1. Does THR63 satisfy the criteria of being of a type in the set (Val, Ile, Thr), at pLDDT below 95 and in the same structural domain as ILE219 (by TED's automatic domain parsing)?
2. Do the conditions hold for GLY369, that is, is it of a type outside the set (Ser, Thr, Tyr) and on the phi > 0 side of the Ramachandran plot?
3. Looking at region 225-266 only, could you name the residues that are surrounded by fewer than 18 Cβ atoms within 10 Å (Cβ to Cβ), touching a residue at least 60 places away in the same chain (Cβ under 8 Å) and not charged (D, E, K, R)?
4. Looking at region 229-243 only, could you name the residues that are over 30 Å from ARG59 (Cα atoms), modelled with pLDDT of 95 or more and not hydroxyl-bearing (Ser, Thr, Tyr)?
5. Within region 183-223, count every residue that is assigned to a helix (DSSP H, G or I), within 13 Å of the chain's Cα centre (by Cα) and under 16 Å from PHE151 (Cα atoms).
6. Within region 143-160, how many residues are surrounded by fewer than 22 Cβ atoms within 10 Å (Cβ to Cβ) and within 10 Å of LEU82 (Cβ to Cβ)?
7. Looking at SER148, SER199 in this structure, which one is in contact with a His (Cβ under 9 Å, 6 or more places away or on another chain) and in contact (Cβ under 8 Å) with a residue 12 or more places away in the chain?
8. Looking at region 108-121, which of the residues that are outside any helix (DSSP H, G or I) and crowded, with 23+ Cβ neighbours inside 10 Å is nearest to the chain's Cα centre (by Cα)?
Amino acid sequence: MPFTDDFISPSEFGHEFRSDIDIFICADCLTAQTQHDVAVGDYYEDYQYSVGGSATASRFMKTLAENLQGAYYPGLAGRKVLEVGSGDGEQLLAFRETGCLVLGYEPSSVLCEAARGKGIPTIQGLFTSDSASRLPAYFQEVDVIMLSYTFDHLPDPRSFLATAHSILNKESGLLVVEVHDLERILERQEYCLFEHEHSIYLTETTASRLCRMESFEIIDFNLVPEQERRANSLIFVATPAGSGLAARATAPRTPSAFEDLDFYEGAGAGIRQGIANLEAFVEGVTVSGKRLAGYGAGGRGVMTLAAMGNASKLSYLVDKKPKRQGLVVPKTGIPLVDINALRTDPVDEILVFSFGYMQEIQAEVGPLGYAPAQFHSLLDVLAGRF
């Protein structure tokens with residue numbers, strides 16, 4: 001499998017990074033995790049994936065910031081929020097609108113520049129155990145540490161939790177984490193979320209165990225109601241174990257089957273069936289001469305295609321903001337194009353990998369001459385509903 005954002009020129013095709021991904025279950029704490037180390041420093045320096053500009057994502061970020069302020073800091077302005085993996089600064093903009101002081105920490109130079117252009121102060125670099133020393137004096141103690149789809153990228157999550165604990169306000173500090181939910185991954189056969197960039201895959205139960213290892217208590221699993229979240233989103237709020245908020249500790253709701261190692265033996269069969277369903281869908285569309293495109297060049301699109309045997313039958317992969325013009329998708333070699341290609345080089349059907357944005361995508365693409373029936377959700381196809 002390739003990296004999810006490692007789009008390449010046609011001349012580089014076949015020479016891009018690829019390696020197997022094996023997922024392990026710890027027999028002690030049952031946390032799903034990878035065990036291979038992949039050098040990501042240069043990769044993240046040029047990382048450009050962002051959901052900035054999406055109305056769906058903007059609504060979610062605004063809801064998260066407002067709900068956190070309303071639930072834990074009502075009427076209190078000036079709370080200090082540090083976001084690790086802050087991207088282009090959109091989430092911190094939402095926090096700033098609630099009256100917070102904000103600071104980002106982001107490895108991508110491109111995204112740092114975009115954030116600073118919005119007035120969001122951002123430190124460039126990978127956040128490590130030494131990173132606390134790089135924080136400005138007024139951020140040596142913070143009220144909120146936020147990570148959105150970043151915590152599961154950390155090569156050493158426990159070390160990060162220890163560092164976070166050291167700089168959080170011990171009386172009312174909050175750690176807010178959004179990761180992909182292993183329960184949903186296996187339920188939906190979303191094998192595309194197993195990526196080299198991810199080190200761990202959490203459920204509510206394993207998140208609780210991991211936090212307690214470093215003296216945190218999870219106090220909320222429902223900061224943003226599930227119907228308002230993005231496609232696969234486990235959000236938890238934790239606080240230092242001795243804080244005034246620790247009494248709100250909440251129990252995880254993970255099904256008991258996830259406590260049985262035998263359960264994971266059967267998970268692979270479901271994933272293999274999902275891949276077979278995808279291949280059957282692609283074959284069914286293209287065998288009669290119809291043209292099929294994919295939509296969404298995030299991890300879902302790249303990794304879904306990379307595991308398929310007939311992905312090359314797609315005409316191209318569309319992204320609203322492609323990394324650069326003239327690139328192809330790693331491993332499959334499919335052209336990466338912008339939305340205008342759907343007008344100039346039309347297709348008959350569109351497989352939507354970023355299904356959480358389906359309504360937004362249909363509204364944007366519809367004026368190019370496409371009807372709702374031409375869009376197919378990845379989730380439906382994985383489940384064989386086509």
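The values are calculated or read from the model by the stated rules, or taken from the named source; none is laboratory data. Keep in mind that this is a model prediction, so the values were computed, not measured. Don't worry about glycine lacking a Cβ; one is built from the backbone with ideal geometry, like all the others, and counts go over all protein chains shown.
1. no
2. yes
3. Taking region 225-266 as the starting set, the residues that turn out to be surrounded by fewer than 18 Cβ atoms within 10 Å (Cβ to Cβ) are 225-228, 241-242, 244, 246-253, 255-257, 259-266.
If we keep only those that are touching a residue at least 60 places away in the same chain (Cβ under 8 Å) too, we end up with 228, 242, 244, 255, 259, 261, 264.
Matches in region 225-266: GLY242, GLY244, PRO255, LEU261, TYR264.
4. Filtering region 229-243 for residues over 30 Å from ARG59 (Cα atoms) gives 241-243.
Now restrict to residues that are modelled with pLDDT of 95 or more: 241, 243.
Selection gives ALA241 alone.
5. 1
6. 1
7. Result: SER199 is the single residue among SER148, SER199 that is in contact with a His (Cβ under 9 Å, 6 or more places away or on another chain) and in contact (Cβ under 8 Å) with a residue 12 or more places away in the chain.
8. Going through the qualifying residues, I end up with SER108.
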